[in-house]
Amino acid sequence: NAGVTQTPKFQVLKTGQSMTLQCAQDMNHNSMYWYRQDPGMGLRLIYYSASEGTTDKGEVPNGYNVSRLNKREFSLRLESAAPSQTSVYFCASRGVPGETQYFGPGTRLLVL
Amino acid sequence: QKEVEQNSGPLSVPEGAIASLNCTYSDRGSQSFFWYRQYSGKSPELIMFIYSNGDKEDGRFTAQLNKASQYVSLLIRDSQPSDSATYLCAVRVGDMRFGAGTRLTVKP
């Protein structure tokens, strides 16, 4: 099992460019999450998907969109990147309610 | 007030000592509590979770929960240099909310 995988690992964008961060899990988990991690801020939830076909906003959704493509895949899209979106992005998944989340390796994004 | 608060550290302890990491949370409806370890440049990994008041032990790690005081802690006994990392406290009340983390350094 690969667990949770993310692509790309690193990305540099110019302000205004768009990109999609990909996430996939092979643990048959229902719930998937996107977080960003900034120094001194901890992990902040951007969007989550409780099950296939549903998505909900988290704490910091502005500037992002998501797609739950199927049970395995959950993508995060930046339509017009801004320097404030420079961060490390983590995808996570969870099985049954109450269980812990398992994190992917992260995507380091720099917006110039 | 942040929902989950941790001392950012750094916390420095000598090898073999007990490291004590603390976390407070604001929502009394919080249902479950997690400690994650994050090495520099890596993703968080779960160390322990606790749901009920009291202590929960797993090897060198002990999680302590006091819901009345809205306080959760992690004790690491016989600290090793390999324990040097940032420790994230997380609280579930609906969504998972994370603290900013405490950086721990264990000196040989």
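Over the protein assembly as shown, accessible surface divided per residue gives 47 Å², non-protein components excluded, 1.4 Å probe. Residue by residue along B:84-96, Cβ atoms of other protein chains within 10 Å of the local Cβ number 2 on average. Take each residue of peptide B:36-49, count the partner chain Cβ atoms within 10 Å of its Cβ, and average: the result is 4.
In the structure shown, the pairs B:2/B:42; B:42/B:107; A:9/A:71; A:71/B:56; A:71/B:67 are assessed against 32 Å; a Cα-Cα span above that value is assigned to A:71/B:56; A:71/B:67. For the stretch B:65-83 versus the stretch A:19-35, the inter-centroid distance based on Cα atoms is 30 Å. For the stretch B:61-108, a simple Cβ point-charge model (Lys and Arg +1, Asp and Glu -1, everything else neutral) yields a dipole of about 100 debye relative to the Cα centre. Taken over chain A, the ratio of Cα radius of gyration to 2.2 N^0.38 Å equals 0.99. Working from label points 7 Å from Cα in the Cα-to-Cβ sense, the residue A:20 to residue A:69 distance is 0.6 nm. For the pair B and A, the buried accessible area comes to roughly 1400 Å² in total, with a 1.4 Å probe and the value rounded to the nearest 100.
The values are calculated or read from the model by the stated rules, or taken from the named source; none is laboratory data. Since this is a predicted model, take the numbers as computed values, not measurements. Reconstructed Cβ throughout: ideal geometry from the backbone, glycine too, with neighbour counts over all protein chains shown. Areas reflect the complete protein model, heavy atoms only, side chains present, ligands, DNA and RNA absent. Shrake-Rupley method; radii C 1.70, N 1.55, O 1.52, S 1.80 Å.
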